[in-house]
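The values are calculated or read from the model by the stated rules, or taken from the named source; none is laboratory data. From a predicted model like this one, the values you see are computed outputs, not experimental measurements. In this analysis, Cβ positions are derived from the backbone assuming ideal geometry, glycine residues included, and neighbour counts consider all displayed protein chains. These accessible areas exclude ligands, DNA and RNA; they are computed on the full protein's heavy atoms, side chains included. Shrake-Rupley method; radii C 1.70, N 1.55, O 1.52, S 1.80 Å.
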Amino acid sequence: MKKTLLLLFVLCSSTGLVAQLSKTVDITAGALSSALTATEKATVTELIVTGTMNSNDFSQIRNYMPLLEKLNLTGCTLSGDIVPNSSLSGKSGLKEVYLPASVKTIDSYAFYNCYDLTTVSMPDSLQLINYAAFHQCYELSGAIVIPPGVRTIDSYAFYRCYKINSLTLSDSLVSIGSYAFESCPMLSGQLVI
């Protein structure tokens, strides 16, 4: 009886453990699918990408990497220097994203409904944060510093980012769309223009 209970305890305990798997891939645009095996896609928790990427590669990440928590793109170039429309939309479990230094645009819905996202690096090259780019990233937290090159933050860009507690806007900012920071209850103070 004791052996049975011990075995049952060990089996139940071990099913909750997931090994952390970090993978580094060097790809050309559209080749992420063939750079990883199905098992690697299913188990990777940290992905470091070098080379070039396009929307097909983001689709692979969004749809076939359910355990991915950390995405490091600092060593790659994105097609058009754009984080594509809906590229990681709904990617639950994703916590950290590090963007390339050359990114100019975070397109609409890029991180929409990434509920667990806590950290995104925004490079100084960034010029546009498009419509609902970070909409409902509930865990996005801490101080958000809008890079100096950003001229436009579109409507609903940071809508319902409940844990942002500080915001620094750039001097070059020309336009903030409606509801861009709506339902960010930890933001308070005055906006001086």
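In Å², and per residue, what accessible area does the chain have when probed at 1.4 Å with the other protein chains present?
51 Å²
Given a Förster distance of 25 Å, report the FRET efficiency between N63 and E96 from their Cβ-Cβ distance, rounded to the nearest 0.05.
0.80
So what's the net charge close to P185: Lys and Arg +1, Asp and Glu -1, counting the other residues with Cβ under 13 Å from its Cβ?
+1
Give, in nm to one decimal, the length gained when the segment between S178 and D26 is fully stretched (0.36 nm per residue of separation minus the Cα-Cα distance).
Details: separation 152, 0.36 × 152 = 54.72 nm, distance 3.95 nm.
Full-extension gain reported as 50.8 nm.
Return one number: the angle in degrees, 0 to 90 and rounded to the nearest 10, between the long axis of the Cα atoms of helix 55-64 and the longest principal axis of the Cα atoms of the chain.
The two axes meet at around 40 degrees.
Tell me the net charge near S87. Cut-off is 11 Å between Cβ atoms, S87 excluded, with +1 for each Lys or Arg and -1 for each Asp or Glu. It would help to have the intermediate numbers written out before the result.
Values: positive: R62, K91; negative: D57, D107.
Residues near S87 contribute 0 overall.
Using label points projected 7 Å from each Cα along Cα→Cβ, tell me how many nm separate L169 and D124, to one decimal.
For L169 paired with D124, the spin-label model returns 2.3 nm.
Pick from L78, L167, L99 the residue whose mean-square fluctuation is largest in a GNM of the chain, springs joining Cα atoms under 10 Å.
L167
Between the helical axis of 2-15 and the dominant principal axis of the chain, each derived from Cα atoms, what acute angle in degrees is found, rounded to the nearest 10?
On a 0 to 90 degree scale, this one is about 30.
Of the heavy-atom accessible surface of the chain (probe 1.4 angstrom), what whole percent is carbon and sulfur? Intermediate values should be presented prior to the final figure.
On the way: 5370 of 9910 Å².
C and S fraction of accessible area: 54 percent.
Would you please state which residues of region 73-114 a label at E139 would reach in this model, taking the label point 7 Å out along Cα→Cβ and a backbone N cut-off of under 15 Å?
Counting backbone N atoms under 15 Å from the label point, the list is 90-98, 112-114.
State, to one decimal in nm², a quarter of the convex hull surface area for the C-alpha atoms of the chain, i.e. the direction-averaged projected area.
Dividing the Cα hull surface by four gives the mean projection, 12.7 nm².
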